[in-house]
Each structure stands twice: as C-alpha cells, then as structure tokens.
1. Which residues in region 46-66 place their backbone N less than 18 Å from a point set 7 Å from the Cα of A125 along the Cα-to-Cβ direction?
2. What do you get when you divide the Cα radius of gyration of region 5-87 by 2.2 N^0.38 Å, with N the number of residues?
3. When Kirkwood radius over Cα pairs in Å is calculated directly from the model, which label among [x] 17.5; [y] 18.2; [z] 16.5 fits?
4. Gain in length, E68 to D56, computed as 0.36 nm per residue apart minus the alpha-carbon separation, to one decimal in nm?
5. What is the Cα coordinate range of region 62-105 on the first, second and third principal axes, sorted by size from largest, in whole angstrom?
6. Tally up the carbon and sulfur contribution to the accessible surface of the chain as a whole percent, 1.4 Å probe, everything protein left in place.
7. Would you mind calculating the relative contact order of the chain from Cα pairs under 8 angstrom and at least 6 residues apart, reporting the percent as a whole number?
8. Quick one: how many lysine pairs in region 40-157 have C-alpha atoms under 26 angstrom apart, if they're 8 or more apart or on different chains?
Amino acid sequence: MLILATTAGVGVWRLQELAETTRAMGKTENEKLKLAVQWRQTIDLNWIRTRASMLDADTSHIGTWQAEMDKTSEVTQASRKRLLELVQSDEGKRLIAEIDAAREAYRTPRAQLQKRKLAGEDVMADLEKNLQPLALNYLGTIAALEKRQQDIYDAALMQ
C-alpha cells in the first residue's frame, strides 16, 4: 500500500508540475503572439495613413499624418523590442531580421515620396507602382512571424 500511495503521490506531483509548465509556456507564447499581432496591426495602420497622406490634396495635413504615424511607431517599436527579448529560436530571430530588412527597404522610399508630395509633386503613380509593393512585402514579413507565433502558441496549448 505504501508503494502504491507513493507512486500515486509522485504521479500527481508530476502532473501538477507538467500543468504549471504548460501554463507558463502558454502564457509566454500568448504574449509573443499578441506582440506579433500588435506589430502587424500598427504597420498596417501606418501604411493606410501613408497612403491617405499621399492621396490628401492638402499637403498641409502631412505633418498631422506624420505625427500620428510617429505615435503609432512608438507602439511598433515597443512590440518589436519586447519580442526581441522573448524570441529565443534562430528561426524567430531570422524572421525578425527579415522584418527589419523589409522595414528599411520601405522607409527610405516612403520618406522620399513624402518629400516629393510636400514639394507639390503628384506621387500617385509611384505610390502604387513602387511603394505599395514594398509596404506589402513589409507586412508580409510580419504576417509570417505572426503565423509562426500562432502555430507555436497552438502547439503549446496542445501539450
């Protein structure tokens, strides 16, 4: 009886330990997923604002649009920073590096287009032809990270 009681006690203890580990994994993976979603949403929002600022006939509004984008970028950077702290895998780090590269490829042409728009130039053709594909690529890299985090989160819950 003593052996049976000891075995049952150890079994219950191990199950509780496993449940706690699963909860902790789920919590961390949930945080990473939420950060990835927030990151994608803020970039999507700023792309919409960029497009709207280029379509706005009154160039005096560009400063307002930019201020809103800058504020949203603060949230973006906070999400990115926290994800960098949490992501440990080489694959996750690679995806973040791809996002950073896509971001840089997008930001410089966007800034140049904004300057041209402020100078009174019609930039619609360049917006659609050149900047939009860069924006979509940028969003696509973030969506890939988001999908990966969703898959990891789902797998953590299944354990």
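The values are calculated or read from the model by the stated rules, or taken from the named source; none is laboratory data. Not measured: the values here are computed from a predicted model. No Cβ is skipped: glycine too gets one built from the backbone with ideal geometry, and neighbour counts run over all protein chains shown. Protein only, heavy atoms only, side chains kept; ligands, DNA and RNA dropped before computing areas. Shrake-Rupley method; radii C 1.70, N 1.55, O 1.52, S 1.80 Å.
1. The answer is 54-55.
2. Numbers: Rg = 22.4 Å, N = 83, 2.2 N^0.38 = 11.8 Å.
In units of the globular-protein estimate, region 5-87 measures up at 1.90.
3. From the options [x] 17.5; [y] 18.2; [z] 16.5, the structure gives [y].
4. Numbers: separation 12, 0.36 × 12 = 4.32 nm, distance 1.49 nm.
So the chain would gain 2.8 nm between E68 and D56.
5. Here the Cα extents, ordered largest to smallest, are 39, 21, 7 Å.
6. Working: 5720 of 9630 Å².
Reported share for carbon and sulfur atoms: 59 percent.
7. 37 percent
8. Total qualifying Lys-Lys pairs in region 40-157 comes to 10.
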